[in-house]
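J.: One structure follows; several queries about it will come next.
The values are calculated or read from the model by the stated rules, or taken from the named source; none is laboratory data. Computed from a predicted structure; not experimentally measured. Cβ sites come from the backbone with ideal geometry, for glycine too, and all protein chains shown count toward neighbours.
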Amino acid sequence: MGIDLNKIKQIFDDANSKAGAGIWRFTPKAGDNSLRLMPPWTDEGDWANLPMRRIFVHWVGSGQNADKRLCLKKTFGEPCPVCDEAAKLRGTGSPADAALASSLRPQEKYISNVVDLNDPVYDDGRPKMQLWEYGPMIYNGLATYIMDAEYGDISDPDEGFTIKLTRKGTNMSDTRYDIRCGRAPMAIGDYPGPDGKKLDQAAFLSAMTDLDKIGEIDDRFAKLPYDAMQQWYLGTTDIAPTMSAPVAAPMITDAGDLPDSMDDIPAFSGAESDIESKLRAAAGN
Ligand SMILES: [Zn+2]
């Protein structure tokens, strides 16, 4: 009698494909990771011609109940009930309330389409496109390369670069990232696949997720109406609304929130390019 390994793997894959619809979330493994940042998914709208989308999220609740939603104010410039709650807490003058308000602060995140070059395709050969959600330090690392004239658009399908991401540490409190780019440009279609054949570049480009529609795939990235956001907050938070409550230590829920080591990033020099000004605009400075 033997184990059905394929079935085991299929169930494992289903359970780990959190975003549903066959979309994988990229989580860097400990040690070295090689990945490819996919190019812009659209040439229209607020995120035209950028290889990442910026969002702001509120993490609410603790333990297994911790959950996140897009901050309506910072992401869309609209009234946000969680930000309103934080403002009320800050207004009470109580240090405990100020600490609670601080725990509700929206966190800056970025989402990109990436390919894990150590695991680029599904068993059936389809491109394994993954979504990578990361924090500002990794964004700064990517942007520094893009702004470096010796690298430029590292996401370019033909002339982009391999990203080498090293994750150090094993738990939430000691995790650090180093991010570096390979020395030579390489086309997506020049990487070897598991069967020895090269990756199908066109198939990878057409497998990218439309990040403008990420909320349709994962409701944690959906834009909720104000009332629905408030309902979600009240149902998730363990803070008594606009009242003093015991202070819980701020929870680190995502390795992407942690500082990353940027030792290996080359210094930027040279004229500001279009992509740099766009990136600066996207980063709000
Ligand atoms: Zn907000």
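J.: Of the numbered conditions (1) farther than 20 Å from Leu205 by Cβ; (2) surrounded by 19 or more Cβ atoms within 10 Å (Cβ to Cβ), Phe161 satisfies every one except a single condition; which is it?
T.: It fails just one condition, (1).
J.: Ok, one more. Which numbered condition trips up Lys128, out of (1) over 20 Å from the mean Cα position of the chain (by Cα); (2) more than 16 Å from the ligand (Cβ to nearest atom); (3) surrounded by fewer than 21 Cβ atoms within 10 Å (Cβ to Cβ)?
T.: Every condition holds for Lys128 apart from (1).
J.: Have a look at Asp116, Asp148 and point out the one that is of a type in the set (Asp, Glu) and either surrounded by fewer than 18 Cβ atoms within 10 Å (Cβ to Cβ) or over 19 Å from the mean Cα position of the chain (by Cα) (or both).
T.: Going through Asp116, Asp148 in turn, the sole match is Asp148.
J.: Considering only residues that are in contact with an Asp or Glu (Cβ under 7 Å, 6 or more places away or on another chain) and modelled with pLDDT under 95, which ones fall in the range 45-88?
T.: Within the range 45-88, Gly45, Trp47, Val60, Gly61, Ser62 qualify.
J.: Is at least one residue of the range 157-173 basic (Lys, Arg), modelled with pLDDT under 95 and under 18 Å from Gln130 (Cβ atoms)?
T.: Checked the range 157-173: at least one residue is basic (Lys, Arg), modelled with pLDDT under 95 and under 18 Å from Gln130 (Cβ atoms).
J.: Out of everything in the range 219-243 that is at negative phi, surrounded by fewer than 17 Cβ atoms within 10 Å (Cβ to Cβ) and part of a loop (DSSP other than H, G, I, E, B), what residue ends up being nearest to the chain's Cα centre (by Cα)?
T.: Among those that are at negative phi, surrounded by fewer than 17 Cβ atoms within 10 Å (Cβ to Cβ) and part of a loop (DSSP other than H, G, I, E, B), it is Ala222.
J.: On the given criteria, is Asp212 of a type in the set (D, E, K, R), modelled with pLDDT of 95 or more and either assigned to a loop (DSSP other than H, G, I, E, B) or within 16 Å of Leu50 (Cβ to Cβ) (or both)?
T.: no
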